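Novice: I'd like to ask you about the structure that follows.
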Amino acid sequence: MKKIILVLLMFFVVPSAQAGTIWCSGEINNITLYSSGALYIQGSWTATPSATLLCNTQDEEWGGIDAVVCLQWYGLAKTAFENSQSVVVKYITDSYTCSDLPTFGDSLVPNYFAVAQ
């Protein structure tokens, strides 16, 4: 019985590991919207000229981002690109920095997208 109580206490007392947060900011160098609905951006914060998948306007399976939200993000990204404004993209990760984010099909799911002042 003492072992069961000890194991139960470990689940409630031992803090769980939480992923870190990175905020990538800069200008968008390129926007690509494929016929599949995949929205890619190339941010100035990346070390390589590779594109990062932001969301999909037709497929809510990728990252769970609603298609309506993705279309709004596309509008924000397009406006920022056309006006040379900075954007901010938030990712939850302990494994990457803004300069070495995975790209294309390996992209992380963003948690937040905004146009900065």
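The values are calculated or read from the model by the stated rules, or taken from the named source; none is laboratory data. All figures in this text were calculated on a predicted structure; none of them were measured in a lab. FYI the Cβ positions are ideal-geometry reconstructions off the backbone, even for glycines, and counts take in every protein chain you see.
Novice: When you go through I65, I22 one by one, which is the residue that is farther than 21 Å from Q117 by Cβ, at pLDDT 80 or above and either under 14 Å from the mean Cα position of the chain (by Cα) or part of a helix (DSSP H, G or I) (or both)? Show your work before the answer.
Specialist: Working: I22 fails: farther than 21 Å from Q117 by Cβ.
The unique qualifying residue is I65.
Novice: Y34 - would you say it is within 15 Å of the chain's Cα centre (by Cα) and not hydrophobic (A, V, I, L, M, F, W, C)?
Specialist: Working: within 15 Å of the chain's Cα centre (by Cα): no; not hydrophobic (A, V, I, L, M, F, W, C): yes.
No, not satisfied.
Novice: Here's something else I'd like to know. When residues of the range 98-107 are filtered for being surrounded by fewer than 14 Cβ atoms within 10 Å (Cβ to Cβ), in a loop (DSSP other than H, G, I, E, B) and in contact (Cβ under 8 Å) with a residue 24 or more places away in the chain, how many remain? Spell out the reasoning first.
Specialist: Residues of the range 98-107 that are surrounded by fewer than 14 Cβ atoms within 10 Å (Cβ to Cβ), as a first pass: 99-100, 104-106.
Those still in the list that are in a loop (DSSP other than H, G, I, E, B) too: 105-106.
From what is left, the residues that are in contact (Cβ under 8 Å) with a residue 24 or more places away in the chain are 105.
The number of residues fulfilling the criteria is 1.
Novice: Under 6 Å between Cβ atoms, at least 6 apart or on separate chains: pull out the pairs that start in the range 25-36 with a residue that is free of Cβ contacts under 8 Å to residues at least 12 places away in the same chain and end on any residue that is part of a strand (DSSP E or B) and surrounded by 12 or more Cβ atoms within 10 Å (Cβ to Cβ).
Specialist: No pair meets every condition.
Novice: What's the total number of residues in the range 26-48 that are assigned to a loop (DSSP other than H, G, I, E, B) and within 19 Å of Q72 (Cα to Cα)?
Specialist: So in the range 26-48, the residues assigned to a loop (DSSP other than H, G, I, E, B) come out as 34-37, 44-48.
Now restrict to residues that are within 19 Å of Q72 (Cα to Cα): 34-37.
Residues that pass the stated criteria total 4.
Novice: Let me ask you something else. Of the residues T52, T93, T46, T21, only one is under 16 Å from P110 (Cα atoms) and touching a Lys or Arg at 6+ places or on another chain (Cβ under 9 Å); which? Talk me through it step by step, then tell me what you get.
Specialist: Details: T52 fails: touching a Lys or Arg at 6+ places or on another chain (Cβ under 9 Å); T93 fails: touching a Lys or Arg at 6+ places or on another chain (Cβ under 9 Å); T46 fails: touching a Lys or Arg at 6+ places or on another chain (Cβ under 9 Å).
Criteria check complete, one pass: T21.
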